[in-house]
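Data first, discussion second: the structure below is written as structure tokens.
The values are calculated or read from the model by the stated rules, or taken from the named source; none is laboratory data. Predicted model only: the values in this text are computed from it and were never measured. When we count neighbours, we look across all protein chains shown, and the Cβ atoms used for this are built from the backbone with ideal geometry, even at glycine. Ligands, DNA and RNA are stripped out before the accessible areas are found, and what is left, the full protein with its side chains, is counted by its heavy atoms. Shrake-Rupley method; radii C 1.70, N 1.55, O 1.52, S 1.80 Å.
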Amino acid sequence: MTFNEDIFKRRSEFGGSIEVVCGSMFSGKTEELIRRLNRARIAKLKVEIFSPKTDTRFMENALVSHNSNSISSTPVENASSILLLGSDVHVIGIDEAQFFDDELPNVCNILANKGVRVIVAGLDMDFMGRPFGPLPAIMAIAESVTKLHAVCVICGNPALYSYRLVPDDSQILLGEKESYEPRCRICYHLPIS
Ligand code: ZN
């Protein structure tokens with residue numbers, strides 16, 4: 001076998017990778033995750049989707065995006081459970097990755113090294129603009145990072161922040177339009193009137 005043939009064979013056998021789809025709330029992360037997973041399913045690949053048990057906003061066993069285009073997903077207690085439940089699949093989607101524990105980057109690496117295509121979606125920043133949970137570490141080890149933007153509700157520019165509308169200092173406050181709105185850098189720092 002020539003060197004090139006060997007490389008090609010290795011690539012098809014061990015073609016795992018990590019992709020990150022991140023951004024603020026309302027930036028279309030879950031829609032993008034669903035789009036990629038649907039394409040994999042059309043290609044007859046075995047697909048599994050996991051989300052943290054913390055995020056039970058709508059319903060169990062469903063990966064729900066804001067436009068109601070849902071895919072069934074498995075809620076798991078912690079990142080290591082994905083290794084047990086996700087064996088023997090080609091593509092693994094992980095939604096709301098920011099709510100997982102710090103073992104998630106390692107889990108993604110183990111899966112990708114085994115040849116799994118891992119697609120991770122989640123918030124890159126919390127409402128204070130701080131890097132959120134294990135997601136930033138996964139961005140560092142990923143082959144590709146797609147950062148999506150919502151639309152700033154104040155000025156219409158691309159928004160990267162999830163601005164919290166209710167007075168609550170805890171990092172995790174589940175909610176949708178009643179609790180958060182997307183804002184650009186300038187409007188995020190506007191003085192409260
Ligand atoms: Zn703005």
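Keeping all protein chains in place and using 1.4 angstrom, which order do Glu19, Glu77 fall into by accessible surface area, from largest down?
I get Glu77, Glu19, largest accessible area first.
Taking 7 Å along the Cα-to-C-beta vector as the label spot, tell me the Glu31-Ser144 distance in nanometres, rounded to one decimal.
1.9
Express the carbon and sulfur contribution to the solvent-accessible surface of segment 154-193 as a percent, rounded to the nearest whole number, probe 1.4 angstrom.
Its accessible area is 59 percent carbon and sulfur atoms.
Just to make sure I understand: if all protein chains stay in place, what is the order of Lys177, Lys29, Lys114, Lys44 by accessible area at 1.4 Å, largest first?
Lys44, Lys177, Lys114, Lys29
Rank these residues by their accessible area, most exposed first, probe 1.4 Å: Phe50, Phe127.
Phe127, Phe50
Can you give me the solvent accessible area of Ser170 with a 1.4 Å probe, rounded to the nearest 10 Å²?
Estimated to the nearest 10 Å², Ser170 gives 50 Å².
Report the FRET efficiency, 1/(1 + (r/R0)^6), for Ser87 and Leu173, where r is their Cβ-Cβ distance and R0 is 45 Å, rounded to 0.05.
Efficiency at R0 = 45 Å is approximately 0.85.
Placing +1 at every Lys and Arg Cβ and -1 at every Asp and Glu Cβ, with all other atoms neutral, what dipole size does segment 88-193 have around its Cα centre, in debye to the nearest 20?
With only Lys, Arg, Asp and Glu charged at Cβ, the dipole is about 460 debye.
Using 0.36 nm times the number of residues separating Asn38 and Lys53, minus their current alpha carbon distance, what extension gain do you get?
3.1 nm
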